[in-house]
Amino acid sequence: MFKGRTQIESEETANLAPYAAHSATSLGRTHPESAHPYRTAFQRDRARIIHSAAFRRLDGKTQVFLNGTGDHYRTRLTHTIEVSSITRTIARALSLNEDLAEAIALAHDLGHSPFGHSGEETLDCLMQDHGGFDHNLQSLRIVEMLEEKYPRFSGLNLSFEVIEGLQKHNTSFTLPDGTQTHSACLEGQVADFADEITYYSHDLDDGLESGLLSPETLEELPIWRDARILAEPEFRHFDPQERRGFIIRCIVNHQVEDLVLNSARAIEKSGITSLHEIRMSPQRLIRFSPEARRNNAALRKFLYKNLYYNPVVAEANQRGCRLLEDFFLHLIEHPRLLGRKAARRIKKEGLHRTVADYLSGMTDRYCIEEYTRITAG
């Protein structure tokens, strides 16, 4: 049986919460396009993101451990897929638009540079007199300008709601009619929290896989200790690796449940009944309980001390960052080495921003190989 777009939109109206973002009432795209016969606006957005060059390149970008150093460590792409999965789970539980939430999740890290957060910090330092560098803003530049797939416009021409959701650190948004709002749609808020749940849990997993973290050291963390106690009756016959995976699974499940229950209570208490009211709310309504916030803060502090700043991780990433810095300065001195598409943007964007765009789009491997090639002579 053929299910057309209008039928899907009618099902959304019947099944989604009144404060969810509904495809039929999307605020549209910068460049108007005809509606698709059997896909909603947000389903089209999701597909455009998946088929973008920037999305494919995430497979070659570092999450924590330098890309290529182990078969099982997360890359920026596998991280994104995990965020997408958790985002859909939360959105479904809260009767929000899963397609929109997933599209935001899939695009949230498109702007990440090579060599992880260390690479981002390096580019930000190099760009300090030229507007800085932030991977969230870079994700917007990619979907609004840098991707080149359509003859009539630059970027992916995504729906306003996806663009809104990608601006996760903003406290003010401007609607197409000029109205100033205070909060993003709930689907964008959900994707932001799903990102946090995901990277804490899988960074724990990768840290344990590498041997840089141990179950014994993690006992100081309430979030680990509580999950272990809860899971113990289920895994007494598991081997250590299976046990570790089960505990992390319990951590994820608990955080998702905490977020869903506390968000549902906050939404109900607010009395909000429309998407416009969500946008005008001065406070985010997707939220953890105070206990979960405290536990996550302790976990974050622990990971920075014991994993992200561990010499094994930090020194490998810093080698990549030194190369990235040298590459940046070399291109500033020799802009003729920029690719043809990048070079066309110098006049409009400036040389430094063009170089930052060019390098941030590279995978770890390509950055190393291309720098070696152009400096070999």
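The values are calculated or read from the model by the stated rules, or taken from the named source; none is laboratory data. Because the structure is a prediction, the values reported are computed rather than measured. Positions of Cβ are backbone-derived with ideal geometry, glycine not excepted, and every protein chain shown enters the neighbour counts. Side chains included, ligands, DNA and RNA excluded: accessible areas come from the protein's heavy atoms. Shrake-Rupley method; radii C 1.70, N 1.55, O 1.52, S 1.80 Å.
The residues of the chain have, on average, 48 Å² of accessible surface per residue, using a 1.4 Å probe with all protein chains present.
Using only alpha-carbon positions in the chain, the gyration tensor eigenvalues give semi-axes of 33, 31, 18 Å once each is multiplied by 5 and square-rooted (largest first).
Over the stretch 283-377, the reciprocal of the mean inverse Cα-Cα separation, the Kirkwood hydrodynamic radius, stands at 16.4 Å.
Here the Gaussian network model covers the chain, with springs between Cα atoms less than 10 Å apart; of Ile346, Ile332, Ile229, Ile229 fluctuates the most. Cβ-Cβ distance of Arg373 and Arg236, R₀ of 41 Å, FRET efficiency by 1/(1 + (r/R0)^6): the value works out to about 0.15.
Exposed loop sites here are trypsin sites (Lys or Arg not before Pro) assigned a DSSP state other than H, G, I, E or B and surrounded by at most 15 other beta carbons within 10 Å; excluding them, the longest clear run of the chain is 4-148. Of all the options Glu147, Glu291, Glu98, the one that moves most in a Gaussian network model of the chain with Cα springs shorter than 10 angstrom is Glu291.
Accessible surface of the chain, 1.4 Å probe: 51 percent of it comes from carbon and sulfur atoms.
Largest GNM mean-square fluctuation across Gln128, Gln43, Gln318, computed for the chain with C-alpha springs under 10 Å, falls on Gln128. Qualifying chymotrypsin sites (Phe, Trp or Tyr not before Pro) in the stretch 285-331, where qualification requires a DSSP coil assignment and no more than 16 other C-beta atoms within 10 Å, comprise Tyr309. Give Lys168/Lys269; Lys168/Lys305; Lys3/Lys168 a once-over and call out the pairs whose C-alpha atoms are over 28 Å from each other. In this structure, Lys3/Lys168 lie more than 28 Å apart at Cα.
Could you grab the relative contact order for the chain? Cα pairs under 8 Å, six or more apart, rounded to a whole percent. Value for the chain: 21 percent. Estimated from the Cβ-Cβ distance and a Förster radius of 45 angstrom, the FRET efficiency linking Gln7 and His169 is about 0.75.
Of the GluC sites (Glu not before Pro) in the stretch 1-92, the ones in a loop by DSSP (not H, G, I, E or B) with at most 16 other beta carbons within 10 Å are Glu33. Here the Karplus curve 6.51 cos²θ - 1.76 cosθ + 1.60, taken at θ = phi - 60°, turns the phi angles of the stretch 293-305 into couplings of 4, 5, 5, 5, 5, 5, 5, 4, 4, 4, 5, 5, 5 Hz, with x standing for Gly and Pro.
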